[in-house]
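Undergrad: Before I ask anything, let me first share the structure, which is written out below as structure tokens.
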Amino acid sequence: MAATVEIDEQNGNSGSPTLTHNIGNSNMGSTDTANMNPTAYPIVPGGNSCEKWQRFHVTDIGTSTRINNLKVWRSGSLGADAIHMTNARTSDYGGSTYATPTADPSTVASQIMPTSTPGSANLGIGGSLSGTISSSGYSDFLVHQIQTTATALAGNSTTMNYQYDETA
Amino acid sequence: MLKHICGQCNKAFSSEKAYLHHQCPTTGSTPVQSPLPQTQPKGSKLTEKNIVAAVRTLRQAKQHV
Ligand SMILES: [Zn+2]
């Protein structure tokens, strides 16, 4: 049986956060909530989305032996005057400790989100890009945020990709 | 204290364990699929040797009941 892997999202104050398991989308908007309705919480041109704090979660390793080599990237057009920032990176990596998500410019998501499959892991496990999950467990937090300028136009959508290697 | 919510059926849980073992009305499945018996060897392929070892272990377990 293959491993069961879901994407989770953590929201709320760092003192009493909520973890939403197996999210249905990664819609970006102006409020800190999982499975967001972006029409209700649009990003104001010139402003930023609220940060997303998400993790891979292996709920059941099944008959596999390990999950590793986590890669995240986006595909599709973001449109002009918007950038997608992240803490994911293939070098000089360090895991990020959960902090209350903010719509201010993220100090954690300081890298440009890749627009194609990274050549090597860009999200770690246990603080390391070479980390593995061999039973159940979580990856490090993936933090990402959309930042816009005042001339940004509404209506673009881009797809987040979450990839892992599974070894039998 | 971390609260847990299922992103598919929106139910809230007081613990991760409660979430992992709920049968989700939206997906129809349980996040933890099926706990493997401890005698089953890990890996997607069962070699004959492993099967024999597993059967032997099961027999020994039965004898101790
Ligand atoms: Zn559910």
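What follows is calculated from the coordinates using simple rules that are stated; it is not laboratory data. These figures come from a predicted structure and were not determined experimentally. Positions of Cβ are backbone-derived with ideal geometry, glycine not excepted, and every protein chain shown enters the neighbour counts.
Undergrad: Treating only the Cβ of Lys, Arg, Asp and Glu as charged (+1, +1, -1, -1), what charge dipole size does the protein assembly as shown show about its Cα centre? Round to the nearest 20 debye.
TA: 1000
Undergrad: Also, quick follow-up: Applying the Karplus parametrisation 6.51 cos²θ - 1.76 cosθ + 1.60 with θ = phi - 60° to the phi angles of region A:5-11, what ³J(HN,Hα) value in whole Hz is obtained for each residue in order, glycine and proline being reported as x?
TA: 10, 10, 9, 10, 9, 9, 9
Undergrad: Distances longer than 19 Å among the Cα atoms of region A:39-93: what percent of all pairs is that?
TA: Working: 792 of 1485 pairs.
When every Cα pair of region A:39-93 is considered, 53 percent fall beyond 19 Å.
Undergrad: Around residue A:113, with a cut-off of 13 angstrom between Cβ atoms, what is the net charge of the other residues, counting Lys and Arg +1 and Asp and Glu -1?
TA: Numbers: positive: A:52, A:71, A:74, A:89; negative: A:51.
Result for the local shell: +3.
Undergrad: May I pose another question? Each residue of region A:152-168 in order: what ³J(HN,Hα) in whole Hz does its phi give by Karplus 6.51 cos²θ - 1.76 cosθ + 1.60, θ = phi - 60°, with x for Gly and Pro?
TA: Going residue by residue, I get 4, 9, 7, x, 7, 9, 9, 10, 8, 10, 10, 10, 9, 9, 10, 9, 5 Hz, with x marking Gly and Pro.
Undergrad: If eta is 1.002 mPa s and T is 20 °C, what Stokes-Einstein diffusion coefficient results for the protein assembly as shown, Kirkwood Rh from Cα pairs, in µm²/s? List each step's numbers first, then the result.
TA: On the way: Rh = 19.3 Å.
For these conditions, the coefficient is 111 µm²/s.
Undergrad: Using all Cα-Cα distances in region A:95-168, what percent lands in each 10 angstrom bin from 0 up to the longest?
TA: 14, 42, 32, 11, 2
Undergrad: What area, in nm² and to one decimal, does the C-alpha convex hull of region A:1-67 cast on average over all directions? Walk me through the numbers before you get to the answer.
TA: Details: hull surface 22.8 nm².
Result: a mean projected hull area of 5.7 nm².
Undergrad: Check which residues have an amide H placed less than 5 Å from residue A:61's amide H, if you skip close sequence neighbours.
TA: A:4
Undergrad: Okay, moving on. Sequence gap at least 6, Cα distance under 8 Å: using those rules, report the relative contact order of chain A to the nearest whole percent. Kindly include the intermediate steps, with their values, before the conclusion.
TA: Values: 439 pairs, mean separation 53.6, N = 168.
Normalised by residue count, the contact order of chain A is 32 percent.
Undergrad: Out of every Cα pair in region A:127-168, what percent are spaced more than 14 Å from each other?
TA: Working: 582 of 861 pairs.
In whole percent, the share of Cα-Cα pairs in region A:127-168 beyond 14 Å is 68.
Undergrad: Rank B:22, A:80, A:65 by how far each Cα sits towards the positive end of the charge dipole of the protein assembly as shown (+1 on Lys, Arg Cβ; -1 on Asp, Glu Cβ) and give me just the farthest.
TA: Final value for the positive-end residue is A:65.
Undergrad: A further question on this structure: Describe numerically, in nm with one decimal, the distance between label points set 7 Å from Cα along Cα→Cβ at residue B:29 and at residue A:130.
TA: So the label points at residue B:29 and residue A:130 sit 3.2 nm apart.
Undergrad: Go through region A:76-85 residue by residue and turn each phi into a ³J(HN,Hα) via Karplus (6.51, -1.76, 1.60, θ = phi - 60°); whole Hz please, and just put x for glycine and proline.
TA: In residue order, the calculated couplings are x, 7, 8, x, 6, 6, 9, 10, 10, 9 Hz.
Undergrad: Continuing with the same structure: Tell me which of A:24, A:12, A:116 sits at the most positive position along the dipole axis of chain A, charges placed on C-beta atoms (Lys, Arg +1; Asp, Glu -1).
TA: A:116
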